[in-house]
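Here is the structure we will look at, set down as structure tokens.
The values are calculated or read from the model by the stated rules, or taken from the named source; none is laboratory data. Since the model is a prediction, treat every value here as computed from it, not as a measurement. For neighbour counting, all protein chains shown are included, and Cβ atoms are generated from backbone atoms with ideal geometry for every residue, glycine included. With ligands, DNA and RNA removed, areas are computed over all heavy atoms of the protein, side chains included. Shrake-Rupley method; radii C 1.70, N 1.55, O 1.52, S 1.80 Å.
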Amino acid sequence: MSEIKIKDEKFRDSFEKLLKVVEGNLPKGFERTVEQGMVGYVVPLSSYPNGYHVTPNTPLPFIGVAAQKRHLALYHLGIYADETLLMWFQEAYVKAVPTKLNMGKSCIRFSNPAHIPYELIAELVQKMTPEQWIDLYERNRK
């Protein structure tokens, strides 16, 4: 994990476990990248030549995992783009975790490593294939 700088050592083990959970449950076809201190999982240009419209000639981002100064962050663009998936996640989170969900549009923040719902994250990661993500991405762009 030398390519990623962990700003707070209390997150090191949780960060590595979160990456293993994501990688162990991500449907085939996504590719791992490392950019700007974050591990990303993308649809490669070989599968989706149109790439990401915001930054031409770059793969379509899907999930990112970052160790921030005060929290771990899991960015899941599928929950940003699919309201049904977002509602499922929010409801499941309340049932699985004793603390309040700290979330932005696509960013789920974990400030306490003891309360990271790894099983729920595994389930979330399994819910969308690259083909489903491309379809959803294209529908939302129109």
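Among Gly24, Ile4, His53, whose Cα projects farthest towards the positive end of the dipole of the range 1-103, with charges put on the beta-carbon of Lys, Arg (+1) and Asp, Glu (-1)? Result: Ile4, furthest along the dipole toward the positive end. In order along the range 21-38, the Karplus-derived 3J(HN,Hα) couplings, from 6.51 cos²θ - 1.76 cosθ + 1.60 at θ = phi - 60°, round to 5, 4, 5, x, 10, 5, x, 4, x, 7, 10, 7, 9, 9, 8, 6, x, 10 Hz, and Gly and Pro are given as x. Once the Cβ-Cβ distance of Trp88 and Arg12 is raised to the sixth power relative to R0 = 41 Å, the FRET efficiency obtained is 0.85.
For the chain, report the % of Cα-Cα distances exceeding 23 Å. Summing the P(r) of the chain above 23 Å gives 32 percent of all pairs. Lysine pairs in the range 1-138 whose alpha-carbon atoms fall under 22 angstrom of each other, counting only those eight or more residues apart or on distinct chains, come to 23.
Solvent-accessible area assigned to carbon and sulfur over the chain amounts to 48 percent, based on a 1.4 Å probe. When only alpha carbons are used to place a centre, the range 10-31 and the range 64-102 end up 15 Å from one another.
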